[in-house]
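What follows is a short report on a single structure.
The values are calculated or read from the model by the stated rules, or taken from the named source; none is laboratory data. This structure is a prediction, so every number in the text was calculated from the model and none was measured. Virtual Cβ from ideal backbone geometry, glycine too; neighbours counted across all protein chains shown.
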Amino acid sequence: MQLVAELGSFDARLPGPQAETAAWEYRGFAGVYAEHARAIYYLALRLLGDPTQAEDATHDVFLKAYRKFATFRGDAAVRTWLYRIAINHCRNLQQAWQARTMRSNADESVWEQAASPAETPLRILETKELGERIQRTLEALPAEYRLLLLLVADEHLSYDAVAQLTGQSADAVRGKLHRARKVFAAAFAKTA
Amino acid sequence: MDPRPPASRLTQQEQLAEQQQVAQTTAAAHEVGSPEELLRQDARHTTVPERVRDRLQRSIAQEPQPRKPWWRRLFGP
């Protein structure tokens, strides 16, 4: 991926939809979104446990990334950089919710929308059930294990990148991961 | 003579429950494979609603246009 910004400019005077497209394509940001949106949405979905909140978070994370894209120096991979923004964003949201001691119950229909639209009803049901079990399992884990497992599950991230994102050594990640897997398996069994 | 007291009915039930729990945990571990695999499978079946892209596209269009670098401002487009 071309990380160094193409230092051109889009023409904001174009009529509405054209200006939107021009801004969107500017510096290849459309490609960044296409490549990483699913990973960021999934992380937000499983950290926040609410599809609507995950949509908002995904929008906000990419908007923040767009604003900072010109200053992104490529010290880390784009994916790692986006994850960092997403983790901070979700943490802030969770802290704000905890402060208000509020928790919204996701509408059942929204969970169904999270499944791939091309799937059969049976498959959607299975996916929905699996998704709900995974969500309940993750919510039963300590926050640190939850984040660790979600990050390690992304094959694009190295242990070093996970260590960077969670502020610990790669060895510590491996040690905690071992325990996190056990806790996850036990918690998952209880959701059956 | 066996010094151990005979196992009570309750102890047998406890043992049975424990065996069942172990069997369930083993089955669950087998079912899960690894948590990462399960999460990957879940992620693969999760799609980002199109409306997020549309909304982001509109938001980005409203952002102020980034400044041109100084040499462009000085020497033209």
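Brief remarks follow.
- The set of residues in the range B:38-50 that are assigned to a helix (DSSP H, G or I) and under 15 Å from A:Ile40 (Cα atoms) comprises B:Leu39, B:Arg40, B:Asp42, B:Ala43, B:Arg44, B:Glu50.
- All positions within the range A:125-176 that are farther than 24 Å from B:His45 by Cα and among the hydrophobic types (A, V, I, L, M, F, W, C): A:Ala161, A:Ala163, A:Leu165, A:Ala170, A:Ala172, A:Val173
- Of the residues making up the range A:62-89, those that are under 9 Å from the mean Cα position of the chain (by Cα) and surrounded by 23 or more Cβ atoms within 10 Å (Cβ to Cβ) number 3.
- When the range A:149-192 is filtered for residues that are part of a loop (DSSP other than H, G, I, E, B) and within 13 Å of chain B (Cβ to nearest Cβ), the ones remaining, listed by number, are A:Ala153, A:Asp154, A:Glu155, A:His156, A:Leu157, A:Thr191, A:Ala192.
- Screening A:Pro17 with (1) facing chain B (nearest Cβ under 8 Å); (2) at pLDDT below 95; (3) in a helix (DSSP H, G or I) gives one miss only, at (1).
- Flag if B:Pro64 is outside any helix (DSSP H, G or I), more than 7 Å from chain A (Cβ to nearest Cβ) and at pLDDT 70 or above: yes
- Residue in the range A:74-82 that is under 21 Å from B:Arg51 (Cα atoms), in a helix (DSSP H, G or I) and within 10 Å of chain B (Cβ to nearest Cβ) present: no
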